[in-house]
Amino acid sequence: MMNRRSATGLLLALTTVLAISACGFNLRGAGRQTGSQIVGLIYVEGEGSILRPLRNALTAQQVQFATKRADADTLVIVSNEVLSRRVASVSASGRVSEYELLHSIDLLTLRSIDGIKAGTVSEVDKLPQTVSVIRDYTYNETGVLAKDDEEQILRAEMSDELVRHLVLRIFAGSM
């Protein structure tokens, strides 16, 4: 009698495990790839204030950097960084009541294809993507120093968000 119960329990357990594995279920974090497994060796070039935070974010994702452009499996070119502020609205008296901040950059990502390294591919035929972050804030002439501080905090947050968007775009084309 005991053998029949244990055999039934074992069969039920095996059936459950088989059903779960057949549907593609994985434990959270299981099978997670590192940045290097996703993009291979990466080479980042360009200019602007976003370049260092981008490299740091890629390093945090365990990406390995190529020392030469020609060795890269993924080539990332950042260009045309724009930091701007414009008047978004004015009060009835004609004074500025709201500003809009913009931080954008062009991103071109080239990948190795059919044994040809990305670092040796010409980027002439490819068009870069523009990645932008926009924020607005109210302005008050009586609190100029506080509003300047608020603008600096917003700019730092925008830079962080822009880096996150860039990393996601770099990884997205590789999966």
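What follows is calculated from the coordinates using simple rules that are stated; it is not laboratory data. Note that this is a predicted model, so its numbers are computed, not measured. Positions of Cβ are generated from backbone atoms using ideal geometry, with glycine treated the same way; all protein chains shown enter the neighbour counts.
By the beta-carbon count within 10 Å of each Cβ, the least crowded to most crowded order of PHE171, PHE65, fewest first, is PHE65, PHE171.
For the pair ARG135 and SER91, label points projected 7 Å from Cα toward Cβ lie 2.4 nm apart. Exposure proxy shown here: for GLU98, GLU151, the number of other Cβ atoms within 10 Å sets the order, fewest to most, as GLU98, GLU151.
Here ASP149, ASP106 are placed in order of increasing Cβ neighbour count within 10 Å, fewest first, which gives ASP149, ASP106.
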